[in-house]
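**Student:** This is the structure I want to talk about, given as structure tokens.
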Amino acid sequence: MKVMNMKKMSLFVLVAAFHSGMYAHQPESVMWYKQPAKDWHEALPVGNGRLGAMVFGGYMSETVQLNEESLWAGCKTEADADAASRLPEIQQLLLSGDIGRALEMSEKYLRSDPMRIRSYQSFGELKIDFFDGRAPNVTNYRRELNLETGVTSVVYELGNTRYTRELFVSAPDNAVVLRMTASGPDKLTFRLSYVREQDVTAFPASENELEIRGQIVDLPMRESSENGLHMKFAGRVRGVNKGGRLMTVNNAFFVENADEVLFFMTAATDYSFEKLDYDRSINPSSVCKNILDQLDVRDYAGIKDRHVREHSTLMNRMSFTLGTDDLSGIPVDERLQRVKDGATDLSLVALYFQFGRYLLLNSSRAPGILPANLQGIWCKDMQAAWSSDFHTNINIQMNYWPAEVCNLSETVIPFSRLIDALRAPGRITAKKTYNSGGWTMNHLTDPFGRTAISDGVGWGTFPIASSWLVLHQWEHYLFTGDAAYLRNEAYPCMKEAAEFILSYLVKDRNGYLVTAPSNSPENTYLLDGQQFKFTYAATLDIEIINELFRACIQAGKLLKQDDAFRKQLENTLKKLPPVRISQRYNTIQEWVEDYEEAEPGHRHISHLFGLHPGTMITPATPVLFEGAKQTLERRLSNGGGHTGWSRAWVINFYARLLDGENAGKHMQALLAKSTLNNLFDTHPPFQIDGNFGGTAGIAEMLLQSHNGELHLLPALPPDWQSGQITGLCARGGWVVDLRWENGALTSAHVFSKNGGKCKIRYQGQTKTFTVKAGEKQACLIR
């Protein structure tokens with residue numbers, strides 16, 4: 001795959017981050033353990049957006065599991081159902097209440113071919129074998145990941161010799177780098193081999209270089225894309241030794257009696273983002289060789305310094321301390337167990353926050369070109385859970401909730417570019433399946449640009465997805481003020497998504513314009529003794545359309561274009577059905593009718609989109625605000641919030657409800673019930689969206705800016721009595737530093753990237769002032 005140039009990005013990084021003391025040491029930045037990982041879910045992640053690695057830290061043998069972001073099974077297919085002529089009949093059946101017949105017709109005419117995508121896959125593993133037989137008597141073992149530097153390390157002693165391994169994935173040099181040393185001469189003897197479950201061979205390219213070549217062989221799979229020989233991939237590992245000898249044999253290196261050994265590894269595929277397909281003109285073996293040939297493999301210090309400077313520049317845009325207890329001397333797994341046993345560890349919350357930022361930075365950035373998937377970039381499987389896909393009915397959106405507010409705005413760029421790229425296949429889906437203009441997609445996609453209905457008709461018919469996705473592009477503009485980005489990338493995607501909605505809406509029997517078909521993601525209602533997902537005008541749809549149309553209207557005014565289109569949006573907004581309150585439960589009604597829920601504790605809480613991440617439900621809409629509270633209480637009392645990502649969404653909901661006590665309570669529950677020993681979120685299984693949603697929830701408790709003002713400490717949990725955070729970002733180009741003691745704000749400063757008027761809110765009081773671009777100003781309200 002093609003690799004992004006780092007020079008422009010590095011300049012942006014320095015300009016955007018200079019004000020925040022980016023080289024300051026982070027107080028909570030190290031995750032450490034007394035023992036190796038027992039399995040993949042205890043290994044420690046490193047990455048550079050394109051390459052990922054999970055490091056186990058063993059001393060009998062070491063495992064480094066590898067990923068390359070574009071290594072997917074499958075191929076590009078046009079799967080859209082040719083249903084345009086049948087859609088009006090399906091819509092009328094839904095509007096008349098004949099859901100069963102509508103579903104029957106939809107199963108016949110809306111089914112894509114194929115219905116399913118194939119999976120993101122592991123690149124394989126580097127295995128390092130040190131000993132055969134009995135385990136040695138190792139002492140003073142320590143395994144750690146430094147979030148600030150992006151370096152993971154293992155240190156232990158065997159007899160009088162101290163062994164050290166360092167591993168990182170460099171963005172500037174686009175490679176995995178491993179250094180192995182011992183405190184005495186001639187102490188390093190081992191075998192490093194490359195292995196993968198299938199579809200690959202590895203062989204010596206020279207006496208100090210191993211070459212990897214593979215091609216995915218897709219076997220027949222029910223309802224999946226065609227079988228055959230698909231994506232090609234390659235890798236290269238180069239070894240450099242000091243002392244002793246190093247040689248390649250079979251699929252491995254053999255090292256004997258060395259003092260120090262360095263390995264440099266990279267990987268590539270023949271995937272082309274421009275084509276959303278593999279491209280046989282790309283030679284992944286040549287790509288790998290070119291990357292390693294640009295490295296001065298004798299200059300480990302320079303390579304590491306380049307990596308650390310670039311990585312820490314990004315991570316150190318923010319700092320965060322919480323509470324007064326320093327528990328950094330206790331291993332993370334032991335701290336987490338204490339939380340599971342009922343203890344409070346506020347500094348672990350701060351570490352979790354920074355870990356979320358770290359994961360996003362290392363799974364969505366240059367030199368990578370794809371956004372973070374369901375597992376970020378880290379996946380051990382050939383057939384991953386949910387294919388480790390880009391799930392678009394909450395999951396990829398949640399991945400990017402912390403991006404802007406947590407000062408990693410450039411991580412949105414791969415996401416935004418994928419959204420833009422999906423417009424072309426999405427136009428076909430809109431026209432062929434939904435008899436509409438504009439562009440749309442459904443509940444998932446992959447690197448091949450899938451926009452057709454997937455997995456099942458009731459489950460996968462989700463044409464509101466494009467409208468939801470483009471709101472992230474609007475948010476990127478709101479946080480950055482980048483008018484060129486708005487004009488050239490965001491607004492064209494937004495406008496075309498709105499054009500789809502305009503042509504997709506139909507009039508119901510009450511005269512409202514509604515979406516049909518529709519569903520409230522993955523949830524089911526009861527009607528005449530039957531369960532259905534299929535409906536029309538699910539509340540989520542109406543909330544998203546409100547957000548999208550208002551964003552398009554505002555963007556059009558800013559860009560001074562599309563007057564007639566804006567007028568059409570304004571008129572259509574008046575004809576949408578209202579968000580309703582259930583007469584039975586006083587909750588926000590999830591569907592257009594007040595149906596009974598088949599699963600009152602369902603993990604999705606989609607009808608509260610208007611509360612978060614949307615902006616429709618605020619204290620300024622008291623009836624809906626109270627309805628949102630009742631909705632959340634009912635969901636949770638029936639067992640909701642039981643998956644990691646769902647619990648993370650609950651934190652954000654309570655933050656928007658200005659309920660710090662419950663927000664803090666559910667942050668504690670996220671750690672206690674849905675967090676693995678390496679701080680990965682578990683659905684179960686591992687799903688990275690919970691990490692990102694939890695990180696965003698912490699930020700949302702401390703700063704909110706969705707209502708045209710900067711609300712400081714809007715939902716501070718009662719036990720978060722003291723803390724300090726710097727570098728939080730707000731819409732309007734503001735960067736905020738806060739300090740508080742005894743639950744009260746003691747210091748507040750805002751830095752302005754763009755200049756302008758700033759309105760601050762704190763404990764019911766407001767203050768408005770002007771700040772020039774590039775200046776920082778105190779803003780404490782006393």
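The values are calculated or read from the model by the stated rules, or taken from the named source; none is laboratory data. The structure presented is a predicted model; accordingly, all values stated were derived computationally and were not measured. Note that each Cβ is placed from the backbone with ideal geometry, even for glycine, and that neighbours are counted across all protein chains shown. In case anyone asks, the SASA skips ligands and DNA or RNA and just uses the protein heavy atoms, side chains included. Shrake-Rupley method; radii C 1.70, N 1.55, O 1.52, S 1.80 Å.
**Student:** Express the accessible area of segment 37-78 per residue in Å², computed with a 1.4 Å probe while the remaining protein chains stay in the model.
**Tutor:** On a per-residue basis, 21 Å².
**Student:** If R0 is 51 Å, what FRET efficiency do you get for Ala564 and Asp39 from their C-beta distance, rounded to 0.05?
**Tutor:** Details: r = 59 Å, r/R0 = 1.16.
Rounded to the nearest 0.05, the efficiency is 0.30.
**Student:** Taking the Cα atoms of segment 646-782, what is the range of coordinates along each of the three principal axes, in descending order and whole Å?
**Tutor:** Each principal axis gives a Cα extent; for segment 646-782 these are 48, 29, 23 Å.
**Student:** Run through segment 574-627 and list the GluC sites (Glu not before Pro) located in a DSSP loop whose Cβ has at most 16 other Cβ atoms within 10 Å.
**Tutor:** Here the sparse-neighbourhood loop sites are Glu593.
**Student:** Once the piece of chain linking Lys557 and Asp186 is laid out straight, how much longer is it, given 0.36 nm per residue of separation minus the C-alpha distance between them?
**Tutor:** Taking Lys557 through Asp186 to full extension adds about 126.5 nm, to one decimal.
**Student:** Mind jotting down the three principal axis lengths of segment 501-611 based on Cα atoms? Whole angstrom, largest first.
**Tutor:** Extents along the principal axes, in whole Å: 51, 28, 23.
**Student:** For Glu661 and Phe130, FRET efficiency with R0 = 41 Å and r from the beta-carbon atoms, rounded to 0.05?
**Tutor:** The value I calculate is 0.20.
**Student:** Quick one: angle between helix 622-637 and the longest Cα principal axis of the chain, in degrees between 0 and 90, rounded to 10, please.
**Tutor:** Its long axis makes an angle of about 50 degrees.
**Student:** Additional query: What distance in nm separates the two pseudo spin-label positions at Gln337 and Gln530, each 7 Å out from Cα along the beta-carbon direction?
**Tutor:** If labels sit at Gln337 and Gln530, their model points lie 5.3 nm apart.
**Student:** Continuing with the same structure: Please compute the length gained on full extension between Val217 and Thr324, using 0.36 nm multiplied by the number of residues separating them and subtracting their Cα-Cα distance.
**Tutor:** Stretched out fully, the Val217 to Thr324 stretch lengthens by 33.0 nm.
**Student:** Select from Met60, Met115, Leu95 the residue farthest towards the positive end of the dipole of segment 56-172; place +1 on Cβ of Lys and Arg, -1 on Cβ of Asp and Glu, and compute about the Cα centre.
**Tutor:** Looking along the dipole axis, the top candidate is Met60.
**Student:** Under 20 °C and 1.002 mPa s, how fast does segment 444-486 diffuse according to Stokes-Einstein, given a Kirkwood radius computed over C-alpha pairs? Answer in µm²/s, whole number.
**Tutor:** Roughly 175 µm²/s, to the nearest whole number.
**Student:** If only Cα atoms are counted, what is the Rg of segment 724-782, and what is its Dmax, in Å?
**Tutor:** 11.1, 33
**Student:** So which trypsin sites (Lys or Arg not before Pro) in segment 165-206 pass both tests, a DSSP loop state and at most 14 other Cβ atoms within 10 Å of the Cβ?
**Tutor:** In loop regions of segment 165-206 (DSSP not H, G, I, E or B), there are no sparsely surrounded trypsin sites (Lys or Arg not before Pro).
**Student:** Once both axes come from the Cα atoms, what is the angle between helix 346-363 and the longest principal axis of the chain, in degrees from 0 to 90, rounded to 10?
**Tutor:** 90
**Student:** If you don't mind, there's one more thing I want to ask. May I ask you to derive the FRET efficiency for Ser722 and Ala385 from their Cβ-Cβ distance with R0 = 60 Å, giving the value to the nearest 0.05?
**Tutor:** Calculated value: 0.90.
**Student:** Could you check how much of the accessible area of segment 339-422 is carbon and sulfur, as a whole percent, using a 1.4 Å probe?
**Tutor:** C and S atoms contribute 49 percent here.
**Student:** Nothing charged except the Cβ atoms of Lys and Arg (+1) and of Asp and Glu (-1): what's the magnitude of the dipole of the chain about its Cα centre? Round to the nearest 20 debye.
**Tutor:** So the dipole magnitude of the chain works out to roughly 1600 debye.
**Student:** Hey, could you pull the Cα Rg and Dmax for segment 435-539, both in Å?
**Tutor:** In Å, with Rg to one decimal and Dmax whole: 15.8, 54.
**Student:** With label points built 7 Å along Cα→Cβ from the Cα atoms of Lys574 and Ile781, find their separation and express it in nm.
**Tutor:** Those two pseudo-labels are separated by 3.5 nm.
**Student:** Also, I was wondering about something else. With charges only on Cβ, +1 for K and R and -1 for D and E, what is the dipole size of segment 39-129 about its Cα centre, in debye, rounded to 20?
**Tutor:** In debye, rounded to 20, segment 39-129 gives about 240.
**Student:** For segment 40-110 and segment 578-599, what is the separation of their Cα centres, given in Å?
**Tutor:** That distance is 29 Å.
**Student:** While we're here: What whole-number value in Å² describes the accessible area per residue of segment 594-683 for a 1.4 Å probe?
**Tutor:** 29
**Student:** Can you find, among Phe625, Ser752, Asn435, the residue farthest towards the positive end of the dipole of the chain? Put +1 on the C-beta of Lys and Arg, -1 on that of Asp and Glu.
**Tutor:** Of Phe625, Ser752, Asn435, it is Ser752.
**Student:** Also: How far, in degrees from 0 to 90, does helix 412-421 lean away from the longest principal axis of the Cα atoms of the chain, to the nearest 10?
**Tutor:** Between the helix axis and the principal axis of the chain, the angle is about 60 degrees.
**Student:** Answer with one residue from Gly49, Leu526, Pro613: the one whose Cα lies farthest towards the positive end of the charge dipole of the chain, charges on Cβ with Lys, Arg +1 and Asp, Glu -1.
**Tutor:** Pro613
**Student:** What is the pair-distance distribution P(r) of segment 367-477, computed from all Cα-Cα distances in 5 Å bins starting at 0, with each bin given as a whole percent?
**Tutor:** 2, 12, 23, 25, 19, 12, 6, 2, 0
**Student:** A further question follows. What is the Rg over Rh value, at two decimals, for segment 510-549, using alpha-carbon atoms and the Kirkwood definition of Rh? Provide the component values of the computation, followed by the final result.
**Tutor:** Working: Rg = 11.4 Å, Rh = 11.1 Å.
Rounded to two decimals, Rg over Rh is 1.03.
**Student:** From largest to smallest, what semi-axes in whole angstrom does segment 233-274 give when each is the square root of 5 times an eigenvalue of its alpha carbon gyration tensor?
**Tutor:** Semi-axes (√(5λ), whole Å): 29, 11, 4.
**Student:** Now for a different question. Using alpha-carbon pairs under 8 Å, 6+ residues apart, how would you state the relative contact order of segment 714-782 in percent?
**Tutor:** Over segment 714-782, the number comes to 25 percent.
**Student:** With a 1.4 Å probe and every protein chain kept in, tell me what percent of the accessible surface of segment 620-773 is carbon plus sulfur.
**Tutor:** Roughly 47 percent, rounded to a whole number.
**Student:** Which GluC sites (Glu not before Pro) does segment 217-277 hold that lie in a coil by DSSP with at most 16 other beta carbons within 10 Å?
**Tutor:** Glu223, Glu226, Glu274
**Student:** Just to confirm my numbers, what's the Cα centroid distance between segment 632-705 and segment 506-539 in Å?
**Tutor:** Answer, in whole Å: 28.
**Student:** Counting alpha carbon pairs within less than 8 Å and at least 6 residues apart, what relative contact order, in whole percent, applies to segment 45-115?
**Tutor:** Once normalised by length, the contact order is 23 percent.
**Student:** Continuing with this model, one more query. Defining a contact as two alpha carbons under 8 Å apart and six or more residues distant in sequence, what relative contact order in percent does the chain show?
**Tutor:** Relative contact order here is 13 percent.
**Student:** With a 1.4 Å probe and all protein chains in place, put Ile394, Ile282 in order of accessible area, largest first.
**Tutor:** The ranking, largest first, comes out as Ile282, Ile394.
**Student:** Counting only protein heavy atoms and using a 1.4 Å probe, what share of the accessible area of segment 60-99 belongs to carbon plus sulfur, as a whole percent?
**Tutor:** Working: 530 of 1310 Å².
Result for segment 60-99: 41 percent of the exposed heavy-atom area is carbon or sulfur.
**Student:** Continuing with the same structure: Just to be sure I understand the model, the point goes 7 Å from the Cα along the line to the Cβ. What's the resulting Lys108 to Thr746 distance in nm?
**Tutor:** 7.2
**Student:** So what are the ³J(HN,Hα) numbers for segment 753-768, from phi and the Karplus equation (6.51, -1.76, 1.60; θ = phi - 60°), rounded to whole Hz, Gly and Pro as x?
**Tutor:** Coupling constants for segment 753-768: 7, 10, x, x, 7, 10, 10, 10, 10, 8, 6, x, 9, 10, 8, 10 Hz.
**Student:** Separate question: Considering only protein heavy atoms, what per residue accessible area in square angstrom results for segment 704-751 with a 1.4 angstrom probe?
**Tutor:** Accessible area per residue: 29 Å².
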